[in-house]
Amino acid sequence: MAEPEPKDDDAAEEENVPERTPEQVQQALASGQPLWLLDVREQYEWNQVHIADAHHIPMDEVAEQLALLPQDRPVVVFCAHGSRSWGVAHYLRQQGYEAYNMTGGITRWHVQGGPVAQR
């Protein structure tokens, strides 16, 4: 009998980043769930449009600002479309945070009627 192939732990872990749609996040917020929204876009993107109650830490600064993130509630990470935030959510989960990626990012949030602040 052949030995089983070793699992690629990094690949398996990458597949385990849970995602939430903007609709799910909006419903959770409306029902009073204590979510912490983390916008990881660049400053110029934040200046153009953002979710009013979200916290802004650019993706490249998250590691050095981990102490600002709560560990007592879920962190929902988002960017413009969901790619950058997926990587940040993965990193946060490795650090022990309950983190989720918001699929479609602020673009999908806004298109589907989510409130935003614009300059």
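The values are calculated or read from the model by the stated rules, or taken from the named source; none is laboratory data. These figures come from a predicted structure and were not determined experimentally. No Cβ is skipped: glycine too gets one built from the backbone with ideal geometry, and neighbour counts run over all protein chains shown. Heavy atoms of the whole protein, side chains included, go into the accessibility calculation; ligands, DNA and RNA do not. Shrake-Rupley method; radii C 1.70, N 1.55, O 1.52, S 1.80 Å.
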Quiz item: In this structure, does residue 83 turn out to be within 11 Å of the chain's Cα centre (by Cα) and polar (S, T, N, Q)?
Solution: yes
Return yes or no: is residue 62 open to solvent by less than 20 Å² (accessible area, probe 1.4 Å) and farther than 20 Å from residue 26 by Cα?
yes
Flag if residue 44 is part of a helix (DSSP H, G or I) and surrounded by fewer than 12 Cβ atoms within 10 Å (Cβ to Cβ):
yes
Only one of (1) over 14 Å from the mean Cα position of the chain (by Cα); (2) at pLDDT below 95 does not apply to residue 46, and that is (2)
Residues of segment 8-24 being out of contact with any strand residue (DSSP E or B) (no Cβ under 8 Å at 6 or more places or on another chain), open to solvent by less than 100 Å² (accessible area, probe 1.4 Å) and either modelled with pLDDT of 95 or more or part of a helix (DSSP H, G or I) (or both), in sequence order, are 11, 12, 13, 14, 23, 24
So, first residue farther than 23 Å from residue 52 by Cβ in segment 79-106, second residue open to solvent by 30 Å² or more (accessible area, probe 1.4 Å) and of a type in the set (A, V, I, L, M, F, W, C), Cβ within less than 7 Å, six or more apart or across chains; the pairs are 95/66
Within segment 25-41, of all residues that are in a helix (DSSP H, G or I) and of a type in the set (A, V, I, L, M), the one surrounded by the most Cβ atoms within 10 Å (Cβ to Cβ) is 25
If we keep only residues of segment 75-107 that are of a type in the set (Gly, Ala, Ser) and assigned to a helix (DSSP H, G or I), then the residue surrounded by the fewest Cβ atoms within 10 Å (Cβ to Cβ) is 83
May I ask you to verify whether residue 72 is under 19 Å from residue 105 (Cα atoms) and open to solvent by 80 Å² or more (accessible area, probe 1.4 Å)?
no
